[in-house]
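The values are calculated or read from the model by the stated rules, or taken from the named source; none is laboratory data. No experiment lies behind these values; they were computed from the predicted model shown. Quick reminder, even Gly has a Cβ in these numbers, built from the backbone with ideal geometry, and neighbours come from all protein chains shown.
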């Protein structure tokens, strides 16, 4: 296999991994939403669970955007350039607001 074929195969593997991350994140967001709904129905404080759901939802958006960029690059025959936004920036700022456990 020449170098080009290897890069295309590696790119496809990255897309498959990103698709798996999106599927898993969808499942986790749905599970967290059910938890928030249950806490609200019980009259319990759901604020921390809601904050986590918000962060998880933001991460899901990041995962979907990343996957869409990789698929667009593949469709245009471009080489994917790995760049990593900091998806935990909001979680870090939220944790700082909450204080130590």
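Just to be sure I understand the filter: pairs with C-beta atoms under 9 Å, separated by 6 or more residues or on different chains, first member in the range 1-20 and farther than 14 Å from residue 71 by Cα, second member in a helix (DSSP H, G or I) and modelled with pLDDT of 75 or more. Which pairs pass? Matching pairs, first to second residue: 1/9. Among the residues of the range 38-53, those that are assigned to a helix (DSSP H, G or I), within 20 Å of residue 28 (Cβ to Cβ) and free of Cβ contacts under 8 Å to residues at least 24 places away in the same chain comprise 38, 39, 40, 47, 49, 50, 52.
When residue 74 is tested against (1) surrounded by 15 or more Cβ atoms within 10 Å (Cβ to Cβ); (2) farther than 17 Å from residue 23 by Cα; (3) at pLDDT 90 or above, just one condition goes unmet, and that condition is (3).
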